[in-house]
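Working notes, structure below.
Only the coordinates and a few stated rules stand behind these numbers; no lab work does. Everything quoted here is computed from the prediction, not taken from an experiment. A quick note on method: Cβ atoms are made from the backbone with ideal geometry, for glycine too, and the neighbour counts reach across all protein chains shown.
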Amino acid sequence: MNKTVKIQFRLTEEEAARLKKNVRKTKLTMSTLIRMLLSGYEPREAPPMEFYYELNRLYDEACKMELTSEILKDPDIKKNLYDTSKNITEIMMDIRRKYLSPNKTNIKFM
């Protein structure tokens, strides 16, 4: 999207402080935060870095399981391990959606 329109507006000290606080909490830029709100989404608070670290650990383990499943001879164990790695990946996607995706609001601006 080509963003060429510049908009300036004034806020009270209190409004500016609330906006800056929400920018810090979401770890979004001010522009991105405002665009999301205008699009009808309420951004979530950004989780701590440990959240991403733990998700990466889960992902690493799922990858190891999948790789191990490729070298196993027993087809039942092989399938079970592969399916488990895929289930872990799906759980991780659910966690990302639940804790990272913005909430859709009923507010319509446009």
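If you keep only loop residues by DSSP, which chymotrypsin sites (Phe, Trp or Tyr not before Pro) in region 61-110 have at most 16 other Cβ atoms within 10 Å of their Cβ?
When the chymotrypsin sites (Phe, Trp or Tyr not before Pro) of region 61-110 are filtered for loop state and at most 16 Cβ neighbours within 10 Å, Phe109 remain.
State to the nearest 20 debye the size of the charge dipole of region 1-96 about its Cα centre, where the only charges are +1 on K and R beta carbons and -1 on D and E beta carbons.
Here the size comes out at about 740 debye.
List the equivalent ellipsoid semi-axes of the chain in whole Å, largest first, each obtained as the square root of 5λ for an eigenvalue λ of the Cα gyration tensor. Working shown, then result.
On the way: eigenvalues 368, 43, 27 Å².
Each semi-axis is √(5λ); the values are 43, 15, 12 Å.
Using a Förster distance of 22 angstrom, determine the FRET efficiency expected from the C-beta separation of Tyr52 and Met1, and round it to 0.05. Can you show the working numbers first?
On the way: r = 27 Å, r/R0 = 1.22.
The pair Tyr52/Met1 has a calculated efficiency of 0.25.
With bins 5 Å wide starting at 0, give me the P(r) of region 1-45 over every alpha carbon pair, in whole percents.
Reading the bins upward from 0: 5, 20, 27, 26, 17, 5, 1.
Could you size up the charge dipole of region 66-105 around its Cα centre, putting +1 on the beta carbon of Lys and Arg and -1 on that of Asp and Glu, and report it in debye to the nearest 20? Display every interim value, and only then the final one.
Numbers: 8 positive and 7 negative charges, 64 e Å.
So the dipole magnitude of region 66-105 works out to roughly 300 debye.
State, as an integer percentage, the relative contact order of the chain based on alpha-carbon contacts under 8 Å between residues 6 or more apart. Don't skip to the answer; put the middle values down first.
Details: 77 pairs, mean separation 36.1, N = 110.
Reported relative contact order: 33 percent.
Check region 1-99 and count each lysine pair with an alpha-carbon distance under 24 angstrom, considering only pairs eight or more places apart or from different chains.
15
Quick one: longest stretch of the chain between exposed loop trypsin sites (Lys or Arg not before Pro), exposed meaning at most 10 other C-beta atoms within 10 Å and loop per DSSP?
Looking at the chain, 11-72 is the longest stretch - no exposed trypsin sites (Lys or Arg not before Pro) with at most 10 other Cβ atoms within 10 Å.
Taking Rh as the Kirkwood radius computed over C-alpha pairs, what is the Stokes-Einstein D of region 47-102 at 20 °C in a medium of viscosity 1.002 mPa s, expressed in µm² per second? The partial results should precede the final answer.
On the way: Rh = 12.1 Å.
The calculation lands on 177 µm²/s.
Taking θ = phi - 60°, what integer Hz values does the Karplus form 6.51 cos²θ - 1.76 cosθ + 1.60 yield along region 13-24, in sequence order, with x for Gly and Pro?
4, 5, 5, 5, 5, 5, 4, 4, 4, 5, 4, 5
Tell me which chymotrypsin sites (Phe, Trp or Tyr not before Pro) from region 1-64 have a DSSP coil assignment and no more than 14 other beta carbons within 10 Å of their own.
Phe9
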